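Asks: Here it is: the structure, laid out below.
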Amino acid sequence: MHRFSLVPSLLLAAGTALAQVPAAQPIKESKPTPPIAIKSFDLSAIDKTADPCTDFYQYACGNWVKENPIPADQVRWARSFSLLQERNRYLLWQELDAAAANPKNPLEKKYGDYFAACMNTPLVEQKGVTPLQPSLQRITILKDSHGLAPLVGALAAEGSVAPLFRFGVGQDDKDSSKEIAQISQAGLSLPDRDYYLVDNKRFQEIRKQYVEHLTKMFILAGDTAEQAANEAASVVKIETALAKASMPRTEMRVPENVYHIYSVADFQKLAPDFDFATYFKDVKVGHFETLNVATPNFFKALNELIASEPVDAWKSYLRWHTIHTSANNLPKAFFDENFAFFGATLSGQKEPAPRWKQCTAMTDGALGEAVGQDWVKNHFPPAAKDSMDKLVAALEKSLGDDIKTLPWMSDATKQAAEEKLAMIRNKIGYPEKWRDYKALKVSRDDLIGNMRRTAVFARNWNLGHLGKPVNEKEWGMTPPTVNAYYNSSLNDINFPAGILQPPFFDFKIDPAVNFGGIGVVIGHEMTHGFDDAGSKYDGKGNLREWQTAEDRKAFTERTDCEADEYSGFEAAPAHDGIAGQNLNGKLTLGENTADNGGLRIAYMALLDTLAAEGKTINDKIDGYTEAQRYFIGFAQVWCQNQTEQTSRQLALTDPHSPGRWRTNGSVQNFDEFGKAFNCKKGQPMYPVKSCRVW
Ligand SMILES: [Zn+2]
């Protein structure tokens, strides 16, 4: 998210969205080709040899999974998300390519130039590491640990790198009307603290390869082999210490764990050896007297590390992060080495993506609300917005009905839940008011400079919120994004234009398939307001208990049931002495709760809609009842293949379960599924005992 929101609830991991596609500078540039049409309901994806009551994912997706291996430039290939992302990216590329060649107005000139600078790899090659030299020079002259804060501040101020911690402005968890300063742990390069700390064969091997990668990058930057080896060792030592000091992800998900209001003076006492006053002045944040320190222990540990590590080790750490941050936009030798470790080794990607994909994603990330203006004009019909309003209203009614009938909840809590539901705001398609990019200077021949100015622009925009009234109309995703989110501080659900397209949302298909697609997505986002984290905020977005103590206890028993259930699902099998890996039910609890709730309430909304049209859930189309089409449509959103490395990485870092378990976990907890497919009670997808929260 654009704001300093600690844990926004997305529909799928941001890492799989458009802006995160690994980059490429291949020797032979592939030409963009128009994407294929995506079927909303795909009979050919079904594996008829599978029993839907035993493994519904295999039934609904088996043939698709078999026939659609992961393309070489991807780590995950999903029938709905990836194909729609490819389509949206292609349409965006057409716009950028045209604007780069022949801009029709100043805004097109700006994003056209940004894209053109990114595509100009011969110039990148010619410049070498020169664009980084001023930053590297600053680091070289660091004298002692007192200089660390001014140096980190100067590097952040110029937009080159922001290591060690995250600082920004966001809504106060306990008073959502206030925009306050917030600071949290950061500073690692590997995907999670476990990569540094867990002692098993797989992580030992990755750590060895990480050291090799660091060494190679330092050599590319001009070190001798001996210097590079020393620098690499220092980086690993500091990052490992930061990993130890970092709060684990599952704990970060608990809102109370990351809420600690400090006065600036008391915060400074946590880390007296890092002069935060200088840092705050360097990044030009306005005056504030208190801030939220998400992870106080991390800052205490940081202080110990500043005292114990020699100044040369800090130089190595900052040098590394400066090079690493820009690696995709440096000459090919840097790019290739970066890809070899972070793409191939860590994620199992075979080939880098073509440059046009990377530059399209980068431009969307930097100037999304500029590019998005034309994109929605061309690709988002106003009728889609009206239809979405109707669908959202239908889902709201279902969730209200669902709350009213919950057997375990007291009337007082039901009323509070309904009040919160009534206060959820909907944002559909794109912002009413577009962001103003006047202050962002773009140069057609300065890629690294553009990236840095973008980082500074984004930070200034964020820090500019300090002390101002909350602007509830701002968006945290760009219009072409294939994703959606719930924001607990604003209590709003957000659906970018990019996802309001087939196969999620199709004017031409029967309601069962649309409710299984976009209907479940809407229900998922609404349910986030009531998952284990979201339920701790009230309708105004304040962290405040609104359940009775007894109801909270009953709620937690139900979420525990789901956490245990999903912890039993396998993310990657054991082989060759590498242990198998299961999902972490606590990490994925919020998303699983949202998936389960979404499937149930979208089904209820479908029943209402069919009844209003004089139809029933047992009517058949193409041999399937409406109920069966609903569940198949839902499952086919999640058909996917992904590399084993990515499965293992995401099992540690992604709060979302993989497609197989998003499907099977949800249907096995919903009896209407077993009935729709005439399963026998006790079969895997129609168990005697199941979990239900909402
Ligand atoms: Zn979600």
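Asks: Can you find a residue that is open to solvent by less than 20 Å² (accessible area, probe 1.4 Å), of a type in the set (S, T, Y) and closer than 21 Å to N514 by Cα anywhere in the range 645-657?
Replies: Within the range 645-657, none of the residues are open to solvent by less than 20 Å² (accessible area, probe 1.4 Å), of a type in the set (S, T, Y) and closer than 21 Å to N514 by Cα.
Asks: Another question, if that's okay. Taking the conditions exactly as written (over 30 Å from E550 (Cα atoms), modelled with pLDDT of 95 or more, within 16 Å of the ligand (Cβ to nearest atom) and open to solvent by 50 Å² or more (accessible area, probe 1.4 Å)), does N471 satisfy them or not? Full working, then the answer.
Replies: On the way: over 30 Å from E550 (Cα atoms): yes; modelled with pLDDT of 95 or more: yes; within 16 Å of the ligand (Cβ to nearest atom): no; open to solvent by 50 Å² or more (accessible area, probe 1.4 Å): yes.
No: the conditions fail for N471.
Asks: Can we say W77 is in contact with a Phe, Trp or Tyr (Cβ under 7 Å, 6 or more places away or on another chain), touching a residue at least 60 places away in the same chain (Cβ under 8 Å) and open to solvent by 10 Å² or more (accessible area, probe 1.4 Å)?
Replies: Against the criterion (in contact with a Phe, Trp or Tyr (Cβ under 7 Å, 6 or more places away or on another chain), touching a residue at least 60 places away in the same chain (Cβ under 8 Å) and open to solvent by 10 Å² or more (accessible area, probe 1.4 Å)), W77 does not qualify.
Condition check ((1) within 28 Å of S647 (Cα to Cα); (2) touching a Leu at 6+ places or on another chain (Cβ under 7 Å); (3) hydrophobic (A, V, I, L, M, F, W, C)) across all residues:
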| position | (1), (2), (3) |
| --- | --- |
| E557 | no, no, no |
| N582 | yes, no, no |
| L587 | yes, no, yes |
| L606 | no, no, yes |
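Asks: Please find, among L164, L142, L148, L197, the residue that is within 23 Å of M247 (Cβ to Cβ), open to solvent by 10 Å² or more (accessible area, probe 1.4 Å), modelled with pLDDT of 95 or more and hydrophobic (A, V, I, L, M, F, W, C).
Replies: Of L164, L142, L148, L197, the one residue that is within 23 Å of M247 (Cβ to Cβ), open to solvent by 10 Å² or more (accessible area, probe 1.4 Å), modelled with pLDDT of 95 or more and hydrophobic (A, V, I, L, M, F, W, C) is L197.
Asks: Among the residues of the range 515-532, is there at least one that is open to solvent by 20 Å² or more (accessible area, probe 1.4 Å) and either outside any helix (DSSP H, G or I) or within 16 Å of the ligand (Cβ to nearest atom) (or both)?
Replies: Of the residues in the range 515-532, the ones open to solvent by 20 Å² or more (accessible area, probe 1.4 Å) are 532.
Subsequent filtering for residues that are either outside any helix (DSSP H, G or I) or within 16 Å of the ligand (Cβ to nearest atom) (or both) retains 532.
Checking the range 515-532: at least one residue is open to solvent by 20 Å² or more (accessible area, probe 1.4 Å) and either outside any helix (DSSP H, G or I) or within 16 Å of the ligand (Cβ to nearest atom) (or both).
Asks: Turning to a different aspect of this structure: Provide a single number: the residues in the range 658-678 that are open to solvent by less than 40 Å² (accessible area, probe 1.4 Å) and within 16 Å of the ligand (Cβ to nearest atom).
Replies: Number of matching residues: 6.
Asks: Quick one: count up the residues across the range 381-416 that are among the small types (G, A, S), in a helix (DSSP H, G or I), surrounded by 14 or more Cβ atoms within 10 Å (Cβ to Cβ) and in contact (Cβ under 8 Å) with a residue 24 or more places away in the chain.
Replies: 5
Asks: Scan the range 535-582 for residues that are in a strand (DSSP E or B) and more than 26 Å from the chain's Cα centre (by Cα) and report the count.
Replies: We begin by selecting, within the range 535-582, every residue in a strand (DSSP E or B); these are 537, 543, 570-572, 575, 578, 581-582.
Then drop every residue that is not more than 26 Å from the chain's Cα centre (by Cα), which leaves 575, 578.
Number of matching residues: 2.
Asks: Find all pairs meeting these conditions: Cβ atoms under 7 angstrom apart; at least six residues apart or on different chains; first residue within the range 155-176 and closer than 18 Å to S189 by Cα; second residue open to solvent by 30 Å² or more (accessible area, probe 1.4 Å) and at pLDDT below 95.
Replies: The qualifying pairs are A156/A162.
Asks: Could you give me the residue pairs with C-beta distances under 8 Å whose first residue belongs to the range 289-306 and is within 18 Å of G170 (Cβ to Cβ) and free of Cβ contacts under 8 Å to residues at least 60 places away in the same chain, whose second residue is open to solvent by less than 30 Å² (accessible area, probe 1.4 Å) and part of a helix (DSSP H, G or I) wherever it lies, and which are 6+ apart or on separate chains?
Replies: Final answer for the pair search is P296/L270.
Asks: For G365, all conditions in the list (1) part of a loop (DSSP other than H, G, I, E, B); (2) in contact with a Ser or Thr (Cβ under 9 Å, 6 or more places away or on another chain); (3) surrounded by fewer than 20 Cβ atoms within 10 Å (Cβ to Cβ) hold save one; what is the number of the exception?
Replies: (1) is the only condition that G365 fails.
Asks: I'm told F504 meets every condition in (1) within 30 Å of D42 (Cβ to Cβ); (2) within 16 Å of the ligand (Cβ to nearest atom); (3) part of a helix (DSSP H, G or I) except one. Can you identify the failing condition by its number?
Replies: (3)
Asks: Would you mind stating whether A265 is open to solvent by 50 Å² or more (accessible area, probe 1.4 Å), among the hydrophobic types (A, V, I, L, M, F, W, C) and more than 30 Å from F335 (Cα to Cα)?
Replies: The answer is yes for A265.
Asks: Can you work out which of the residues in the range 490-501 that are crowded, with 24+ Cβ neighbours inside 10 Å and not aliphatic (A, V, I, L, M) is farthest from the ligand (Cβ to nearest atom)?
Replies: The qualifying residue farthest from the ligand (Cβ to nearest atom) is G498.
Asks: Then there is this: Are any of the residues in the range 606-626 in a loop (DSSP other than H, G, I, E, B), away from the ligand (no atom under 15 Å from the Cβ) and of a type in the set (K, R)?
Replies: Checked the range 606-626: at least one residue is in a loop (DSSP other than H, G, I, E, B), away from the ligand (no atom under 15 Å from the Cβ) and of a type in the set (K, R).
Asks: On the basis of being open to solvent by less than 10 Å² (accessible area, probe 1.4 Å), within 16 Å of the ligand (Cβ to nearest atom), assigned to a helix (DSSP H, G or I) and modelled with pLDDT of 95 or more, does G585 make the cut?
Replies: Answer is no for this residue.
Asks: Let me ask another. Only one of these is modelled with pLDDT of 95 or more and within 16 Å of the ligand (Cβ to nearest atom): A458, A439, A484, A512. Name it. Spell out the reasoning first.
Replies: Working: A458 fails: within 16 Å of the ligand (Cβ to nearest atom); A439 fails: within 16 Å of the ligand (Cβ to nearest atom); A512 fails: within 16 Å of the ligand (Cβ to nearest atom).
Going through A458, A439, A484, A512 in turn, just one is modelled with pLDDT of 95 or more and within 16 Å of the ligand (Cβ to nearest atom): A484.
Asks: If you take the residues of the range 588-605 that are more than 16 Å from the ligand (Cβ to nearest atom) and open to solvent by less than 30 Å² (accessible area, probe 1.4 Å), which of them is farthest from Q636 (Cα to Cα)?
Replies: A605
Asks: Sticking with this structure for a sec: Could you look through the range 110-139, keep only residues that are within 29 Å of the chain's Cα centre (by Cα) and of a type in the set (D, E, K, R), and pick out the one that is most open to solvent (accessible area, probe 1.4 Å)?
Replies: Going through the qualifying residues, I end up with K110.
Asks: Another question about this same structure. Of all residues in the range 224-236, which are crowded, with 16+ Cβ neighbours inside 10 Å and either charged (D, E, K, R) or not in a helix (DSSP H, G or I) (or both)?
Replies: Hit for the range 224-236 is E231, nothing else.
Asks: So K390 passes all but one of these: (1) modelled with pLDDT under 95; (2) closer than 25 Å to R558 by Cα. Which condition number does it fail?
Replies: Of (1) modelled with pLDDT under 95; (2) closer than 25 Å to R558 by Cα, only one is false for K390: (2).
Asks: State the number of residues belonging to the range 59-74 that are touching a residue at least 12 places away in the same chain (Cβ under 8 Å), out of contact with any helix residue (DSSP H, G or I) (no Cβ under 7 Å at 6 or more places or on another chain) and open to solvent by 30 Å² or more (accessible area, probe 1.4 Å).
Replies: Here the count works out to 6.
Asks: Also, quick follow-up: Answer with yes or no whether E419 is away from the ligand (no atom under 16 Å from the Cβ), open to solvent by 20 Å² or more (accessible area, probe 1.4 Å) and farther than 25 Å from T360 by Cα.
Replies: Criteria met by E419.
Asks: Output the residue which, of all residues in the range 173-190 that are within 22 Å of the chain's Cα centre (by Cα) and not in a strand (DSSP E or B), is surrounded by the most Cβ atoms within 10 Å (Cβ to Cβ).
Replies: Applying the filter and picking the extreme gives D173.
Asks: List every residue pair whose Cβ atoms lie under 6 Å apart, where the two residues are 6 or more positions apart in sequence or sit on different chains, the first residue falls within the range 667-691 and is closer than 21 Å to G623 by Cα and among the small types (G, A, S), and the second residue, located anywhere, is in a loop (DSSP other than H, G, I, E, B) and open to solvent by less than 40 Å² (accessible area, probe 1.4 Å).
Replies: G674/Y686
The values are calculated or read from the model by the stated rules, or taken from the named source; none is laboratory data. Bear in mind that the values here come from a model prediction, so they are computed numbers and not experimental data. Cβ atoms come from the backbone with ideal geometry, glycine included; neighbour counts cover every protein chain shown. Accessible surface areas use protein heavy atoms only, side chains included; no ligands, DNA or RNA. Shrake-Rupley method; radii C 1.70, N 1.55, O 1.52, S 1.80 Å.
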